[in-house]
Amino acid sequence: MNTQKSLLLILRNPSFAGSNNRDTLDIALGCSVFDIPVSLLFLNDAVFQLLNNQESQVIEQKDLSPTLKALDMYDIQDHYILEKDLQRYQLEDEALLLNCKTLTDSQLALFIRQFDIVINL
Amino acid sequence: MIFSILLYASQSSAQSEQSALRFTRSALQQGHKIHRVFFYGESVNAISSFKVTPRDEVDITDQWLLLAQKADIDLVVCIAAAVRRGILDTQEAQRHEKKSANIKEGFNLSGLGQLADAIIQSDRLITFGN
């Protein structure tokens, strides 16, 4: 089943902040199986999800970074972050788990508008 | 226009599911079609047949059933979200060796594929989250 509809999933929370991180990634995997093109936007504190070495066992939480790394196998390769968020936390994009495209604040609204479906849990 | 609804918030401690219900009623009144309501995240907690709503309050889950019967709406509960919160149908109760099923009659446990299908089949997907 093919579709012309594009899907943008917006993540806004840091790692381990709530079940919406996991639930959003599950939607990404579920929809890509149905050939819906999926893009991910990591907004604000969600850039922390993209850091390596989460050491989630220390707080007895499930590490989502293997799922993030598996996105590529599902043909989910379009990941976006804001330049401003990288600067705010002094992160380099080479340090991130995924190969992300950076957007500026002024590009954001237009970027979101180009998708048919936007889910922001 | 064909709409589908994605529910994500707790029915008992947030307003958004009430808003979703009222949105759905209005859309139907205006001649639109609601294809599917997909219960995800905390919203699945309310789909228990063990839930008891105080007599002077409205049970939103019952209202969904009424609407679904009237307007042929598919009520789907995400199976992964439900099982981890203890909302089980007979099959899942057997699979996980639990004493009984407790999902409310009229709701179907199914996978995220039903959300993907809702996206494909509908003109709009509206999320009612936190």
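With a 1.4 Å probe and every protein chain left in place, tell me how much accessible area residue A:88 has, in Å² to the nearest 10.
Here the accessible area works out near 120 Å².
If ligands, DNA and RNA are left out, what is the accessible area of residue A:58 with a 1.4 Å probe, given in Å² to the nearest 10?
For residue A:58, solvent-accessible area is about 100 Å².
Can you sort A:74, A:89, A:80 by solvent-accessible area, 1.4 Å probe, largest first?
Order by accessible area, largest first: A:74, A:89, A:80.
Considering amide H positions built from the backbone, and no H for Pro or chain starts, which residues 5 or more places from residue B:6, or on another chain, come under 5 Å of its amide H?
Here the answer is B:38, B:126, B:127, B:128, since their amide H atoms fall under 5 Å of that of residue B:6.
Chain pair A, B: how much accessible area is buried, both chains summed, with a 1.4 Å probe, in Å² to 100?
It comes to approximately 1500 Å² buried between A and B.
Have a look at region B:104-119 and report residues whose accessible surface goes down by 40 Å² or more when the remaining protein chains are included, against the chain on its own, probe 1.4 Å, ligands and DNA/RNA excluded.
Correct list: B:112, B:116, B:119.
Suppose the chain between residue B:29 and residue B:55 were pulled fully straight at 0.36 nm per residue; how much longer would it get relative to their current alpha carbon spacing?
6.6 nm
Any number yet on Rg/Rh for region B:72-130, C-alpha, Kirkwood?
1.03
Using a Förster distance of 41 Å, how high is the FRET efficiency between residue A:109 and residue B:71, based on the Cβ-Cβ distance and rounded to 0.05?
Step by step, r from the Cβ atoms, then E = 0.75.
Residue separation times 0.36 nm, minus the C-alpha to C-alpha distance between residue B:15 and residue B:62: what's the value?
So the chain would gain 15.3 nm between residue B:15 and residue B:62.
With only alpha-carbon atoms in the gyration tensor, what are the semi-axes of the equivalent ellipsoid for region B:10-130, in Å, largest first? It would help to have the intermediate numbers written out before the result.
Working: eigenvalues 109, 63, 32 Å².
After scaling each eigenvalue by five and taking roots: 23, 18, 13 Å.
Note every residue of region A:97-121 with a reduction of at least 20 square angstrom in accessible area, all protein chains present versus the isolated chain, computed with a 1.4 Å probe, or write none.
With the partner chains in place, region A:97-121 has these residues losing at least 20 Å²: A:117, A:119, A:121.
Can you work out ³J(HN,Hα) from phi for every residue in region B:57-69, in order, using Karplus 6.51 cos²θ - 1.76 cosθ + 1.60 and θ = phi - 60°, giving whole Hz and x for Gly and Pro?
Karplus values, whole Hz, x for Gly and Pro: 10, 8, 7, 4, 4, 5, 5, 4, 4, 4, 4, 4, 5.
Taking the alpha carbon gyration tensor of the protein assembly as shown, what are the square roots of 5 times its eigenvalues, largest first, to the nearest whole Å?
So the three semi-axes of the protein assembly as shown are 33, 22, 17 Å.
Express the accessible area of region B:35-78 per residue in Å², computed with a 1.4 Å probe while the remaining protein chains stay in the model.
Details: 2160 Å² over 44 residues.
Dividing the accessible area of region B:35-78 by its residue count gives 49 Å².
What value, in deg cm²/dmol to 500, does the helix sum -39500 (n - 2.57) over DSSP H runs of n ≥ 4 give at 222 nm once divided by the residues of chain B?
Counting only the DSSP helices, I get -10500 deg cm²/dmol.
How long are the semi-axes of the ellipsoid equivalent to region A:12-121, from square roots of 5 times the Cα gyration tensor eigenvalues, in whole Å, largest first? Could you put the intermediate results ahead of the total?
Details: eigenvalues 84, 71, 31 Å².
The three semi-axes for region A:12-121 are 21, 19, 12 Å.
Quick one: what are the phi-derived ³J(HN,Hα) couplings along region B:93-110, Karplus 6.51/-1.76/1.60 with θ = phi - 60°, whole Hz, x for glycine and proline?
Each residue of region B:93-110 in turn: 4, 5, 4, 9, 6, 9, 5, 8, 8, 9, 5, 5, 4, x, 10, 10, 7, 7 Hz.
List the lysines whose Cα sits under 17 Å from the Cα of residue A:101, skipping any in the same chain fewer than 8 residues away.
Filter leaves A:69, A:84.
Leaving ligands, DNA and RNA out of it, rank B:42, A:55, A:94 by accessible area with a 1.4 Å probe, largest first.
Ranked from most to least accessible, the order is A:94, A:55, B:42.
The values are calculated or read from the model by the stated rules, or taken from the named source; none is laboratory data. Here the structure is a predicted model, which is why all the values come from computation and not from measurement. Every residue, glycine among them, receives a Cβ derived from its backbone with ideal geometry; neighbour counts consider all protein chains shown. Ligands, DNA and RNA are stripped out before the accessible areas are found, and what is left, the full protein with its side chains, is counted by its heavy atoms. Shrake-Rupley method; radii C 1.70, N 1.55, O 1.52, S 1.80 Å.
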